[in-house]
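Please treat every number below as a calculation from the coordinates, not as lab data. From a predicted model like this one, the values you see are computed outputs, not experimental measurements. All Cβ positions, glycine included, derive from the backbone under ideal geometry; neighbour counts span all protein chains shown.
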Amino acid sequence: MFSVVALPGDGIGPEVTSQAIRVLTAVSRQLNLEIGIQEALIGGAALDQAGTPLPETTLENCRNADAILLGAVGGYQWSDVEVALRPEQGLLGLRKALGLYANLRPVTVEAALADASPLRPERLEGVDVMVVRELTGGIYFGTRGRTSTDAFDTCEYSVAEIRRIARLAGKLAGKRRGRVTSVDKANVLDTSRLWRETVSGIFSDEFPDIELEHIYIDAAAMFLLSRPATFDVILADNMFGDILSDEASMLAGSLGLLPSASLSGGGPGLYEPIHGSAPDIAGKGIANPCGAILSVAMLLRHSMNQDAAAEAVEAAVSETLRAGLRTPDLAYGEQRDRTVGTEAFGDAVIDRLEKT
Ligand code: IPM
Ligand code: MG
């Protein structure tokens, strides 16, 4: 049996995760696969119920699972909690403990949603980007400290950490359009200079046929809007990848649309929408479940080798959007009167899946 641990977490996490679980269950029925899904606590929900954002039992369950499906963590009510107990530490601790160093965030544009993006449709034509974000190093995990008048966070990277993520980006680019854009701030930061040198070395030694370019992060943020279709794989450190992937989501039309996969050298992968817990709309049943449902597609592809099933889930989401169903985050003007909720969107995706 294939075992999945579901970590719904906080805010809209439980709402979108329950749609993702329904989709995974529907796929498993169709394929006749036995998938066991077990829920566990993470984030603020875990802090409230178990006194820590990453309980030992959750970590143990995740280590023993074949894959992990996560919703979101965080919320206003925990903003004054001490740093080590913040809900976000649950997710960061899990990524670190499982060695999930590679975060893949695909960004594609559904033509039917072109009006949901702030960019002109002609700039969006052909957009197909894969952000490869380093996930267990950099400023997220460096030494930090503060007093009442000073604070510091340090960004550290080793050659080994940069090499493994660069390799993964190179391999992915080989299966895509053969282009990698590595982003850094090498005009200012030593970690970025090491990043640039190391990435160049890996590509000249191991991926001579992949076209590699280096761009400063500030310029990359601009080019992502001015010429998004020219990007194939974007390789970034932890912080730059976090920022650029939220920016890239607006090419697709909403942060709620994008899925992600976090992978290690072996062991379970973790799949989660790139959005956060959106406390402002939590509990209202209006969150966009696409990011969570498309994360199931990534789970099928990367952890189960079920490419056809992954494509079927992606096609079902795509068709649902093309049929005009939209959650409020995707609706503007008069469309606002015709939006659907999280569950109705999930129903529509499952209906289509069951017809394939
Ligand atoms: C993400 C989120 C997380 C991150 C937060 C919740 C810690 O923004 O997955 O992109 O910064 O990695
Ligand atoms: Mg983020």
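Observations on the structure shown:
- Cα-based shape type of segment 118-252, given that a ≥ b ≥ c are square roots of the gyration tensor eigenvalues and the cut on a/c is 1.5: oblate
- Relative contact order (%) - segment 118-252, alpha-carbon pairs under 8 angstrom, separation at least six: 39
- Here the spin labels are modelled as points 7 Å beyond Cα on the Cα-Cβ line, and at residue 154 and residue 243 they lie 2.2 nm apart.
- Amide H contacts of residue 3: 36, 66, 67, each under 5 Å away and 5 or more positions distant or on a separate chain (H built 1.01 Å from N in the peptide plane; Pro and chain starts excluded).
- With K and R counted +1 and D and E -1, the other residues having a Cβ less than 12 Å from that of residue 13 yield a net charge of -4.
- Length gained when the stretch residue 84-residue 334 is fully extended (0.36 nm per residue, less Cα-Cα span): 85.5 nm
- Residue-count net charge about residue 300 - beta-carbon cut-off 13 Å; Lys, Arg +1, Asp, Glu -1: -3
- For residue 322 and residue 205, a Förster radius of 56 Å and the Cβ-Cβ distance give a FRET efficiency of 0.80, rounded to the nearest 0.05.
- Footprinting exposure proxy ranking of 320, 147, 356, fewest other C-beta atoms within 10 angstrom first, gives 147, 356, 320.
- Cα-based Lys proximity count in the chain, under 28 Å, for pairs eight or more positions apart or on separate chains: 5
- Sequence of 302, 275 once ranked by neighbouring C-beta atoms within 10 Å, starting from the fewest: 302, 275
- Rounded to whole numbers, the Karplus 3J(HN,Hα) couplings from phi for segment 293-310 are 5, 5, 5, 5, 4, 5, 4, 4, 6, 8, 9, 10, 6, 9, 4, 5, 5, 4 Hz, using 6.51 cos²θ - 1.76 cosθ + 1.60 with θ = phi - 60°, and x at Gly and Pro.
- Gain upon complete extension [residue 115, residue 29; 0.36 nm per residue less C-alpha separation]: 27.4 nm
- Sequence-ordered 3J(HN,Hα) estimates for segment 26-38 from the Karplus curve with 6.51, -1.76 and 1.60 and θ = phi - 60° stand at 4, 5, 5, 5, 5, 8, 6, 9, 8, 10, x, 10, 10 Hz, glycine and proline given as x.
- Annotation for residue 143 and residue 175: the two label points, set 7 Å from Cα along the Cα-Cβ direction, are 4.0 nm apart.
- Normalising the average separation of contacting C-alpha pairs (under 8 angstrom, six or more residues apart) by the number of residues puts the relative contact order of the chain at 22 percent.
- Label zone (residue 355, point 7 Å along Cα-to-C-beta; backbone nitrogen cut-off 16 Å) within segment 299-340: 312-326.
- Cα gyration tensor shape of the chain, rounded if a/c is under 1.5, else prolate or oblate by comparing a/b with b/c: rounded
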